[in-house]
Amino acid sequence: MLWLAVYYPQWALQYFRYRNELKQSAEVLLYDPHSLQVLALDAGSLKAGVTVGMSLATAQSIVPSAMLIEFDVSLSLQASDWLCQWSYEFSARVVPLRCALAHDAGKDGKSSAKLHVDEFVCNTLLLEVSSMTLIFNGIDKLIEQYAQRAKSYGLEVSLATGNTPLAAQLLAQQSCAMAEVSRSELLDSDKSDALLKQLSIASLPISGFLKQSFLDIGVSSFAALCSLPAKELGRRFGPKLLQLLAKISGVLPHPLTYFEPEETYQQKLTLLYEVELMQGIVFPLGRMLKEMASYLKQRQLAIQQLKLTLIYRDSERSQLDIIIQYPFAEHRSDSLLSLCRMQLERITLYQPVVEMVISVDKFVPMAIVNDNWFGQQAAQGQRSEKALRLMALLQARLGGDKVKGLQATSAHLPEESWQATDLSVTGQQHRPVINSLQPLGDIGHQATGLSVGACRPSWLLATPEMISIETIELLKGPERLQTLWWQEPLICRDYYIASHQQGGLCWVFKDGRGFFLHGWFG
């Protein structure tokens, strides 16, 4: 089994920069809120003289224009989840990385801290790639595409392959220190064993006490450590060290916990500034929806409802929860944003917003339709892409209760033969019903269209209006329409196409009370 290890030395800081779309020239410092020391910094601050571990006050005096970011464990968890999500496109087995800033191993006891041995290299993501060879047409192309994707996100990475997870991680982490080793050698799994022997003791995930102990006895490399008698190593430094060496070499299996995509989606963004108007929400929201669209495309999913939570500056005021409706299952970033923006225009902010959260609890399969208004899909009751987008825009602009569709019913009277329905069900195929506008003689005919020679107006009056026979000239008819015999009251009408004296063709009917105008032909 072949593993690809990706070492991210500044991933938490670079994730923050990517999420907030900061320029590469912007100076950013990540600091510990408890000790007020610098944990991570950008290249510009490093060049100016700031170092990791420096006090925040000193760092600010050197680069007063630097943006300060308070380190939070939730930030690293969110960044790790983001890395795993897009890395999942390259492998079905992704092992999440561990943040070195949040990892505090071996501090529960002095003896255990001295002999502490870790089995995972921090800041290093693992991907099993041997099973992905056919999909990417070779491991080399997979690695090349992965490196390009990381670069597009502004991430600094070091890549290495290995036959065991730990071997790949150690080589990726130490790739910068191994200046004499080329990038092609690090990505050649056949040379990983030889490269491992060149690693120094300082690169192993063991406690400082163990590293110094090995240096004191003249052991400075991994190869020298492996040459020592295993029995003596275990007796003096504990069995965990022997297990570590065995897992690096592949003698012992290395159980791993793989990343599993959640059935729900949630993304949180802490704003760099307070937003007082809804227009200021749209720009950061667009970035979040773009990222979610990539997530949906990867899994061939779409959404019909999105929850947007706006957290106010005043923690005592309740957060604002907004439900965004997508009636026709959307997955594209531009459509997600445009429909969301229209629905947000009707909402007022009562306090400055400092955080935003988008979440989705339910997904639906992505449906791809051809971009045409009519044709085979329209004939089959399926809407085109343009029609779906237009109806979604109308609902977002006017509200879901203001836009309705028409659905035929099995009633015989014209005013009862249709009903207003939700757009999501309008146009769907149903079982054949008696045509509500067929003559009684054709009731047994289950055709979907009108009877031969039947003509219907494009404008039907909501309520028929009595009309004088002197104002019209009957041109065609009669066509009898009546309710079923068991219905009360029994209504029987004879319909005619007539010419009105003021111009235009109209649809009239006659019953026991006289003539009534019921519609106009366009």
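Quick notes
- Estimated dipole of region 471-519 in Debye, rounded to 20 [Cβ of Lys and Arg +1, of Asp and Glu -1, Cα centre]: 40
- Whole-Hz ³J(HN,Hα) from phi, Karplus 6.51 cos²θ - 1.76 cosθ + 1.60, for region 491-499, glycine and proline x: 10, 10, 10, 10, 9, 10, 9, 10, 9
- Using a simple spin-label model with pseudo-atoms 7 Å out from Cα toward Cβ, Glu488 and Ala420 lie 3.1 nm apart.
- Theoretical gain in end-to-end length, Arg346 to Ala230 [0.36 nm per residue, Cα-Cα removed]: 34.6 nm
- Model label sites at Thr51 and Ser65, defined 7 Å from Cα along the beta-carbon direction, differ in position by 2.5 nm.
- Remark: the chain carries a charge dipole of roughly 720 debye about the Cα centre, counting +1 on each Lys and Arg Cβ and -1 on each Asp and Glu Cβ.
- Most positive-pole-ward Cα, Gly138, Ser189, Phe214, against dipole of the chain from beta carbon charges: Phe214
- Theoretical gain in end-to-end length, Gln407 to Ser131 [0.36 nm per residue, Cα-Cα removed]: 94.2 nm
- Apolar share of the accessible surface for the chain: 53 percent from carbon plus sulfur atoms, 1.4 Å probe.
- Proximal aspartates and glutamates relative to Lys404, as straight alpha-carbon distance under 12 Å, when same-chain residues fewer than 8 apart are discounted: Asp422
- Over the chain: helical MRE at 222 nm, DSSP H runs n ≥ 4 each giving -39500 (n - 2.57), nearest 500: -9000 deg cm²/dmol
- Dipole check for region 176-328: with +1 at the C-beta of Lys and Arg, -1 at the C-beta of Asp and Glu, and the Cα centre as origin, the magnitude is about 380 Debye.
- Modelled FRET efficiency - R0 30 Å, Gln305 with Ser74, Cβ distances, 0.05 increments: 0.75
- The chain: angle of helix 239-249 to the longest principal axis, Cα-based, in degrees nearest 10: 70
- Per-residue Karplus couplings for region 83-98, computed as 6.51 cos²θ - 1.76 cosθ + 1.60 with θ equal to phi - 60°, are listed in order as 4, 5, 5, 7, 5, 5, 6, 9, 7, 7, 10, 10, 9, x, 7, 10 Hz, Gly and Pro entered as x.
- Close amide H pairs (under 5 Å, H built 1.01 Å from N) link Arg98 with Asn123, Thr124, residues at least 5 positions away or on another chain.
- Residue-level accessible surface for Met466, protein heavy atoms, 1.4 Å, Å²: 130
- Two-site FRET efficiency, Gln243 against Glu156, from Cβ-Cβ distance with R₀ of 30 Å, rounded to 0.05: 0.40
- Beyond 30 Å in Cα-Cα separation lie the following of the pairs Lys141/Lys297; Lys141/Lys240; Lys47/Lys141; Lys141/Lys307; Lys197/Lys240; Lys151/Lys362: Lys141/Lys240; Lys47/Lys141; Lys141/Lys307; Lys151/Lys362.
- Label zone at Ser182 (point 7 Å along Cα-to-Cβ), backbone N below 16 Å, region 189-203: 189-192, 195
- Here the extension length gained between Asp190 and Asp216 equals 6.1 nm, from 0.36 nm per residue of separation less the Cα-Cα distance.
- Taken along the Cα-to-beta-carbon direction at a fixed 7 Å, the label points for Ser294 and Val251 span 4.3 nm.
- Projected over every direction and averaged, the convex hull enclosing the alpha-carbon atoms of region 21-146 yields 10.6 nm².
- Taken over region 265-363, the convex hull of the Cα atoms encloses 88 Å³ per residue.
- Look at the dipole of the chain built from charges on Cβ: of Gly53, Leu344, Leu199, the Cα furthest out on the positive end belongs to Leu199.
- Exposure rank, largest accessible area first [Phe222, Phe328; 1.4 Å]: Phe328, Phe222
- Using alpha-carbon coordinates, inclination of helix 333-344 to the longest axis of the chain, degrees: 70
- Dipole-positive endmost among Leu22, Gln10, Leu308 within the chain (Cβ charges, Cα centre): Gln10
- Taking every alpha-carbon pair in the chain and binning the separations at 10 Å intervals from zero gives 3, 13, 18, 17, 13, 10, 8, 7, 5, 3, 1, 0, 0 percent.
- For the chain, the relative contact order comes to 9 percent (Cα pairs under 8 Å, sequence separation of at least 6).
- Estimated translational D of region 220-322 in µm²/s (Stokes, Kirkwood radius over Cα pairs; 25 °C; 0.890 mPa s): 127
- Amide H to amide H distances under 5 Å link Gly519 with Leu461, Trp507, where only residues 5 or more positions off or on other chains count and H is placed in the peptide plane.
- Residues Trp418, Trp82, Trp459 ordered from highest to lowest accessible area at a 1.4 Å probe: Trp459, Trp418, Trp82.
The values are calculated or read from the model by the stated rules, or taken from the named source; none is laboratory data. Bear in mind that the values here come from a model prediction, so they are computed numbers and not experimental data. Positions of Cβ are generated from backbone atoms using ideal geometry, with glycine treated the same way; all protein chains shown enter the neighbour counts. The area values use the complete protein model at the heavy-atom level, side chains included, leaving out ligands, DNA and RNA. Shrake-Rupley method; radii C 1.70, N 1.55, O 1.52, S 1.80 Å.
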